[in-house]
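Have a look at the structure below before the remarks.
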Amino acid sequence: MSAVVTSDSVQRYEEIFKRHAPLIYRTAYGITGSHEDAEDALQGIFLGLIRRDVPADLARHPEAYFHRAAVNKSLNLLRARRRRRLVDDDAALEQTAADDPHTTADSELRHRQLYDAIAELKPDHAQILILRYMHGKTETEIAKMFGVSRGTIAVKLFRSRARLRKLLRARLGEKP
Amino acid sequence: MNHDAKPGAQNPEQLIAQSPVPSQAEMEFRIDRVWERLGSGIPLQSSTDLKGDPASETDWHSNPIKRPMLRPVVILACAVVTIAAAWFGIARRFVTNRNVYAIVENEDGPQYRVAAGQIVATDVWTRLAVTLPDGSRVEMRPQSQLSVSTASDGLRVRLDKGGIIVTAARQRSGHLYVDTKDVTVSVVGTVFLVGVEDAGSRVGVLEGKVQVKQGESTRMLVPPGQMVTNPMMELPALREQVAWSRYAKEHLALLQQDAAPIAAKQTEKPVQITQTQAPPKPPAPAAARPQFEVASVKRNNSGGQGMRFDNRGGRYSAANASLKFLIQQAYKVQPFQIIGAPAWIDSERYDIEAKAEGAEWNQMAPMLQSLIEERFKGAMHGETRDLPVYFLTVAKTGSKLKAGPCLTREPNTPAPPNQPQSAFCGYVGIGSGSVILTGQRIENLADFLSGILNRKVLDRTGLPGAFDVDLKWTPDISTPSVKQEAAAPSASDGPSIFTAIEEQLGLKLESGKAPIDVLVIDHIDHASDN
């Protein structure tokens, strides 16, 4: 960063970082519920850009690229965390419940179940769901980001909602 | 995460919509931290890879690293536009522009050349000089952006942001123009500065004269005159506006020449720059500054993290101290106020033993400055820069600060028995994730928070008087200022400092930008052992 000859490249990289970091951070925090994980996701995505050439889909639509990267990275973090939970899940849950049995444990459990289920969806379905309901994007806006028709997005949204409901019911042991 | 029902009982879309949202201030704080961590790994690219406007979304399209395939429709559209441009004579000028090259230089000399229309930008650490084809020199202050192109009768510099000082070469037949978003400055040979801010533009003249055109009106400016396009903008003294330049001495000399004969006719409007804090003391010449009677500086290669220092009894002793820590002490600045320093000043450790018989700590700080300048070949200067800050404001819930009674006692007298230290006015108790202040003004709380957040916190509460503060939060072990506390156990689900301030004190941290006095390190070197 200190090399003056590259100050314009640094400037440009910084502009892109500053513009898209909030979207990535909000997405990652919304999914993981953890500031540390959100930082990891943000750092990982931009480190990836440093280490390789600019991907073509980033060139086409930066916002769509960064959103997709944020969702995928965050869900990967959740999957890794779920693997760790197989070892110490019970103890962690008991500890959480002891802190505030009526709010903290319930909300964290719901959040975890929701995103564990979303992590089982197809990546593009998860991305569209989060764009639509976490960020409040319209179907038209999402269609523009993904370069497809609004109808395609509507169908994917319908299918992903149905699939997500099914997954959640299965997790709760409810009958369909 | 305020959910009111079980997952199955709600639509999944409702659940997603209720996903946690980070507070703006905390998010910005963490994004800044990620940016700092990324800083050292940014790729070094040739400047020729970086054409185009960095602020543009379509910027990636022009990046030769990987150019997306152009669609036939786009190609056809470009062809139509090019033919139309040629028809109106625009294409001819564009072809001419391609032959304009400016040389970009830093302190080490010429670095690369830029073609017409290509953006030249500086980051927060960098000053550049651009030499134009006519021999004019354009100095760019940090965080500026410009491009150069031909005009019908000369050259044109487009300043998009930041500030420049132009030393215009004598024009033979044409003009040099500087455009901003709201003014055009034209010259035939002079030294002047132009700045662009959100509110408008500013122009000042050091030598010669310039013509400034704003909309339909035109006016001439002669030294040491200056103007702003928006009356709400501050008008700092010209000498302050050229302080960042490598050629500041030359510019100041021009101002002094101008001052005597013209002072009676034209006065430079004396507007005070908003001072947000005590500025770092400008380094006085080392010879005039007091020095330690004797001092020893030794590298400490123990690898330990803890630092110790003692300044009692006419001695200054620091063990395993980083150079950054020494600079902080000597110049009374916080880490975020030190700009342009190499990374090793934070990692390389030293043991310092120095003696100054009968000197108090306030007298030792200038001695420490002398030591840094001599042993570390330190050269630095003070500046004011727009930096990210937090504004401490009253939250919507209202302030929860209370002004309780506190005890006063004479200095150097023992505390009465059975009285806790925290009962005395002025008490400061700092623990891992906690702070207790007794009878302290809100500005002191802001200063304390600056240290924790590594960013200046400015009091905007308007709360007068002294207060008691008892604040507890979960320290973030990756925050630089609390790394040393990492070993301390803490609940991982406690409130962050942002949440704690809002919930426990009824105050709020809002991010923004403000002029902050900084200490710019021009040069620093490793110290050799005695």
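Look at segment A:110-129: where a residue is under 17 Å from B:Q14 (Cβ atoms) and a partner is outside any helix (DSSP H, G or I) and of a type in the set (A, V, I, L, M, F, W, C), sitting 6+ places away or on another chain with Cβ atoms under 6 Å, you get A:H111/B:M1. Every condition in (1) basic (K, R); (2) within 29 Å of the chain's Cα centre (by Cα); (3) over 30 Å from A:D37 (Cα atoms); (4) at pLDDT below 75 is met by B:R409 except one, and the failing one is (2). On the stretch given as segment B:216-240, residues that are touching a residue at least 24 places away in the same chain (Cβ under 8 Å) and assigned to a loop (DSSP other than H, G, I, E, B) total 11. Within the bounds of segment A:48-67, is there any residue that is at pLDDT 70 or above, farther than 30 Å from A:T140 by Cβ and out of contact with any strand residue (DSSP E or B) (no Cβ under 8 Å at 6 or more places or on another chain)? There is no residue in segment A:48-67 that is at pLDDT 70 or above, farther than 30 Å from A:T140 by Cβ and out of contact with any strand residue (DSSP E or B) (no Cβ under 8 Å at 6 or more places or on another chain). For segment A:141-170, the tally of residues that are free of Cβ contacts under 8 Å to residues at least 12 places away in the same chain and either among the hydroxyl-bearing types (S, T, Y) or in the same structural domain as A:L75 (by TED's automatic domain parsing) (or both) stands at 2. When we screen A:A143, A:A126, A:A162 for residues that are farther than 24 Å from A:A59 by Cα and assigned to a helix (DSSP H, G or I), the only hit is A:A162. Here A:G44 meets each of (1) at pLDDT 90 or above; (2) touching a helix residue (DSSP H, G or I) at 6+ places or on another chain (Cβ under 6 Å) with one exception, condition (1). Is at least one residue of segment A:122-138 of a type in the set (D, E), over 12 Å from the mean Cα position of the chain (by Cα) and farther than 13 Å from A:G30 by Cα? No, the conditions are met nowhere in segment A:122-138. From the list B:G163, B:G195, the lone residue that is part of a strand (DSSP E or B), touching a residue at least 60 places away in the same chain (Cβ under 8 Å) and in contact with a Gly (Cβ under 8 Å, 6 or more places away or on another chain) is B:G163. When restricted to residues that are crowded, with 20+ Cβ neighbours inside 10 Å and within 12 Å of chain A (Cβ to nearest Cβ), segment B:131-144 contains 3. When segment B:320-379 is filtered for residues that are closer than 17 Å to B:V297 by Cα and assigned to a strand (DSSP E or B), the ones remaining, listed by number, are B:N320, B:A321, B:S322, B:R349, B:Y350, B:D351, B:I352, B:E353, B:A354, B:K355.
The values are calculated or read from the model by the stated rules, or taken from the named source; none is laboratory data. Predicted, not measured: the structure shown is a model, and the values here were computed from it. Neighbour counts run over all protein chains shown; Cβ positions are idealised from the backbone, glycine included.
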